[in-house]
Structure formats: structure tokens, C-alpha cells
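The values are calculated or read from the model by the stated rules, or taken from the named source; none is laboratory data. Here the structure is a predicted model, which is why all the values come from computation and not from measurement. Note: ideal-geometry Cβ built from the backbone for every residue, glycine included; neighbour counts use all protein chains shown. Only protein heavy atoms, including side chains, enter the accessible area calculation; ligands, DNA and RNA are left aside. Shrake-Rupley method; radii C 1.70, N 1.55, O 1.52, S 1.80 Å.
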Amino acid sequence: MLNYFLATIKAMPVNDYVGFTFFVGTMAMMAASVFFFFSMSLVEGKWKTSLLISGLITFIAAVHYYYMRDYWAEVGDSPTFFRYVDWTLTVPLMCVEFYLILKAAGAKTSLLWKLIGASVVMLVTGYFGEAVYTTGSSPALWGLVSGLSYFYIVYLIMAGEAKKLADKSSPAVQKAHGILCKFVLIGWGIYPLGYMIGTTGWYDFVDVIGLNMDVVYNIGDAINKIGFGLVIYSLAVSKD
Ligand SMILES: *C/C=C(C)/C=C/C=C(C)/C=C/C1=C(C)CCCC1(C)C
């Protein structure tokens, strides 16, 4: 561990703010995982699995951030592959969180599979546009398909099946569901911004904000993965 810190500090030029966000991301995800795992023993039985999933989301991210930091330091380029492997594991787990809190209201596994299916399509098409078909109008087209899958998820949770189940749930679950929806609508909306910065297309005007794509993705991950877990945590400790 000490060696890791020393190597990190040596490999980190003072002006490498991108590398710095990978480093801070690793630590934040690790700390959050410890918090969620330890909280499991403090909450009622029915919430333990939800907290376990919260911890797994940040733990999987911590491991990927560890490698992404290395990759950035060694190669000096976006660790797109690790990034998408991370998302492909963690985003479906976020769908599981929705399913688990709505299960008491009668959520079926078919709802879970719709959410997971849409998120896999969203991520695979995003990967195509970012790493496979990167020229001409391809990134814009793949980004569009990805965006449609994203809006299907938003529809399911904010107006469709999941919303109807939330309406039948306890006040505490309703509140948690509502906040998780805002994370998906606003927090997940950060990612297309990173995509527009990192790929070429009609939307290149977004680059004028001068941010680095990985910094945008790293901010998105910190907000969404830790934020999601904290919503679940506060639901689990509420008297409901
Ligand atoms: C922990 C990781 C999370 C919550 C990742 C979420 C990623 C997205 C919501 C990505 C969405 C994208 C689009 C909607 C269009 C452009 C391509 C993507 C994959 C960046």
C-alpha cells in the first residue's frame, strides 16, 4: 500500500489534474465501500442486500479506478476499455437497487431485465462510438442509439412500470425512488457530456468548456456511485 502511494506521488506531475482525479476517485470509492459494507450490520434485514449492492458498486469502481489511474499514468491516454468494463458491471447493479427497493410493492424480475437490457445497449453502443467506430458521423449515430436507451430507462423509472410501483410504496421508499430518479436524470446526464467532449461530431461546440473527458466521467462516477449508495443508506436507516 505504501509503495502504491509513493509510486503514485512520483508518477504524478503536479499539473496532471486528470491523473489526480483518478487517484482521488480510487480513494473515494474505497472509503465509500468500507462505509457501505460496515453499515450492513446496522440496518434491518430487508435492507442488507441493498447496502451490499451499494458497497459492491463503489468497490468494483475502486478496483477499476486503481487500474485506470495506472493506465493514464503509463499510457497517457483515456482508459476507455476499463471504463466501460466498470460501467457494464456497475450500471446493472444500480438497476438492481431500483428493483430491490420496489420489490415489496411487487416489482417483477421482468422489470429488472428491461432496465439491465437497456443499460447494456446504452453502454455497448456508447463503447462502439467511443472506441470502435470513431470517424465521421459514427460517434454521433452510436451516441444517439445510446441516448435513446438512456431515455427508455428514464421513462421506465419516472413514468412507466417502476414509477407505478413507487406510487404504491411506503413514503420512505417513494422518497428514495424520487431521489434516485433525479440521479439518473441529472447525474447520469453528465456522461453524454463527457462523450461529446471525447468524440467528434456536430456537437464539438461542447469542447469550448475546456474540460477533459475523463475528468467529466470521474466527476459523474463520484456523484452517481457514492450518491446512489447514500440514498440507499438513508432509506435503510429510516424508520420505515
Ligand atoms: C457508475 C457509472 C455510471 C452510472 C455510468 C453511466 C453511464 C451513462 C449513463 C452513459 C451514457 C451515454 C449516453 C447516454 C450517450 C453517449 C454514450 C454514453 C455511454 C456516455
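Between Gly45, Gly19, Gly25, which is under 29 Å from Leu235 (Cβ atoms) and in contact (Cβ under 8 Å) with a residue 24 or more places away in the chain? Spell out the reasoning first.
Numbers: Gly45 fails: in contact (Cβ under 8 Å) with a residue 24 or more places away in the chain; Gly19 fails: under 29 Å from Leu235 (Cβ atoms).
Only one candidate passes the filter, namely Gly25.
Tally time: how many residues in the stretch 143-161 are more than 13 Å from the ligand (Cβ to nearest atom) and open to solvent by less than 20 Å² (accessible area, probe 1.4 Å)?
Going through the stretch 143-161 one residue at a time, the tally reaches 2.
Just one of the numbered conditions (1) under 27 Å from Val124 (Cα atoms); (2) at pLDDT below 95 is not true of Phe22; which one?
Here Phe22 clears every test but (2).
Please go through the stretch 187-209 and give me each residue that is open to solvent by less than 30 Å² (accessible area, probe 1.4 Å) and more than 9 Å from the ligand (Cβ to nearest atom), ordered by number.
Answer for the stretch 187-209, where residues must be open to solvent by less than 30 Å² (accessible area, probe 1.4 Å) and more than 9 Å from the ligand (Cβ to nearest atom): Ile197, Gly201, Tyr203, Val206.
Contact list please: Cβ distance under 6 Å, first residue in the stretch 124-142 and under 15 Å from Val85 (Cα atoms) and more than 9 Å from the ligand (Cβ to nearest atom), second residue part of a helix (DSSP H, G or I) and not hydroxyl-bearing (Ser, Thr, Tyr), pairs at least six apart or on different chains.
Note: pairs meeting the criteria are Phe128/Trp142.
I'd like the full set of residues that are among the hydrophobic types (A, V, I, L, M, F, W, C) and in contact (Cβ under 8 Å) with a residue 24 or more places away in the chain, limited to the stretch 57-84.
Ile57, Phe59, Ile60, Ala61, Ala62, Met68, Trp72, Ala73, Phe81
For the stretch 200-219, check the following and say yes or no: at least one residue is touching a residue at least 60 places away in the same chain (Cβ under 8 Å), among the polar types (S, T, N, Q) and part of a helix (DSSP H, G or I).
Checking the stretch 200-219: at least one residue is touching a residue at least 60 places away in the same chain (Cβ under 8 Å), among the polar types (S, T, N, Q) and part of a helix (DSSP H, G or I).
Each row is one residue, and each column tells you yes or no for (1) aliphatic (A, V, I, L, M); (2) over 21 Å from Val216 (Cβ atoms).
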position: Leu6; (1), (2): yes, yes
position: Asn15; (1), (2): no, no
position: Val18; (1), (2): yes, no
position: Thr26; (1), (2): no, no
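Looking at Lys164, Lys225, which one is under 30 Å from Ala105 (Cα atoms) and open to solvent by 60 Å² or more (accessible area, probe 1.4 Å)?
Step by step, each of Lys164, Lys225 is checked, and only Lys164 is under 30 Å from Ala105 (Cα atoms) and open to solvent by 60 Å² or more (accessible area, probe 1.4 Å).
Being free of Cβ contacts under 8 Å to residues at least 24 places away in the same chain and under 20 Å from Gly25 (Cβ atoms) is the filter here, so list the residues in the stretch 176-192 that pass it.
So the first thing to find is which residues in the stretch 176-192 are free of Cβ contacts under 8 Å to residues at least 24 places away in the same chain, and the list is 178, 182, 186, 189.
Result: Ile186, Gly189.
So is Lys103 over 23 Å from Ile223 (Cα atoms), free of Cβ contacts under 8 Å to residues at least 12 places away in the same chain, part of a helix (DSSP H, G or I) and among the charged types (D, E, K, R) or not?
yes
Please enumerate the residues belonging to the stretch 94-119 that are within 11 Å of the ligand (Cβ to nearest atom) and either surrounded by fewer than 19 Cβ atoms within 10 Å (Cβ to Cβ) or hydrophobic (A, V, I, L, M, F, W, C) (or both).
Met94, Cys95, Ala118
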